[in-house]
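Please read the structure below before turning to the comments.
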Amino acid sequence: MRIDIVTIFPEFFDVLDISLLGKARANGIIELGVHNLRDFTHDRHNTVDDTPAGGGAGMVMKPEPWGEALDSVLEGGAADPIIIFPSPAGVSFDQKMARELAHEEQIVFGCGRYEGIDQRVFDHYAENGRVRLVSLGDYVLNGGEVAVMAMIEAIGRLIPGVVGNPESLVEESHEDGLLEYPSYTKPALWREREVPPVLRSGDHGAIARWRREQQIERTRRVRPDLLPPEL
Ligand SMILES: NC(=O)c1ccno1
């Protein structure tokens, strides 16, 4: 998979050189390009924003630099890339979307700042391609970079070969629509708290049943909205 990020803070993504994603890049599983939006400006101050049409507080990101940056990133890229702009006005990002995006050939992330990006950028690229405004939740960040980092992590770990043991991806929260069961390890007793005896019983059927019950109970308690009607 090829991932491109357009941002005014390219250094923000230096952290993608480490951990699993860093290894995936070194192994050629993920190809990453980080592009500074200011490199696509032509004035002395590398201006990327201007006052909002119709008045109002703050500044809006100009369409020209975005047009040049996205044209440059898309040129010679995948035949059908998807362009994602993090936005509180977007569709909700979830594990299902992460799974779907893990199959993409190229994802281009556009990190907005200030009051946002001129709407014509979204409209222009949506005319001939796939553009999505995607939200991590009902809150507002100062820009798209943190949201892009989270999405890259959620998507990247689902790409085959990134996580060493694919089995570890199966029993996770939201994979089967429920929250995951609680996890324990050694020692068997810690500060008077013991590991549930069933987990030390060696009875794999009983352990599986216990874990499923824990998933349902935790989901009912913490996220009843996720509980399917039959449960
Ligand atoms: N809620 C979000 O995903 C978001 C992105 C940028 N600002 O807020």
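The values are calculated or read from the model by the stated rules, or taken from the named source; none is laboratory data. Predicted, not measured: the structure shown is a model, and the values here were computed from it. Here the Cβ is made from the backbone with ideal geometry for all residues, glycine too, and neighbour counts use every protein chain on show. With ligands, DNA and RNA removed, areas are computed over all heavy atoms of the protein, side chains included. Shrake-Rupley method; radii C 1.70, N 1.55, O 1.52, S 1.80 Å.
One residue alone among Ala24, Ala53, Ala69 is more than 16 Å from the ligand (Cβ to nearest atom), of a type outside the set (Val, Ile, Thr), crowded, with 20+ Cβ neighbours inside 10 Å and over 18 Å from Arg130 (Cβ atoms), and that residue is Ala24. Tally the residues that are open to solvent by less than 70 Å² (accessible area, probe 1.4 Å) and among the polar types (S, T, N, Q), restricting the search to segment 169-206. Residues that pass the stated criteria total 2. Within 16 Å of the ligand (Cβ to nearest atom), among the basic types (Lys, Arg) and assigned to a loop (DSSP other than H, G, I, E, B), is that true of Arg132? For Arg132, the condition - within 16 Å of the ligand (Cβ to nearest atom), among the basic types (Lys, Arg) and assigned to a loop (DSSP other than H, G, I, E, B) - is not met.
Taking segment 95-119 as the range and being modelled with pLDDT of 95 or more, open to solvent by 90 Å² or more (accessible area, probe 1.4 Å) and either closer than 24 Å to Pro10 by Cβ or in a strand (DSSP E or B) (or both) as the test, only Glu105 passes. Cβ-Cβ contacts under 6 Å between residues 6 or more apart (or on different chains), taken from a first residue in segment 119-148 that is under 15 Å from Pro86 (Cβ atoms) and touching a residue at least 60 places away in the same chain (Cβ under 8 Å) to a second residue that is open to solvent by 30 Å² or more (accessible area, probe 1.4 Å) and within 6 Å of the ligand (Cβ to nearest atom), are listed as Ala147/Leu136. Note on segment 76-115: among residues that are charged (D, E, K, R) and within 19 Å of Arg38 (Cα to Cα), the one that is farthest from the ligand (Cβ to nearest atom) is Glu115.
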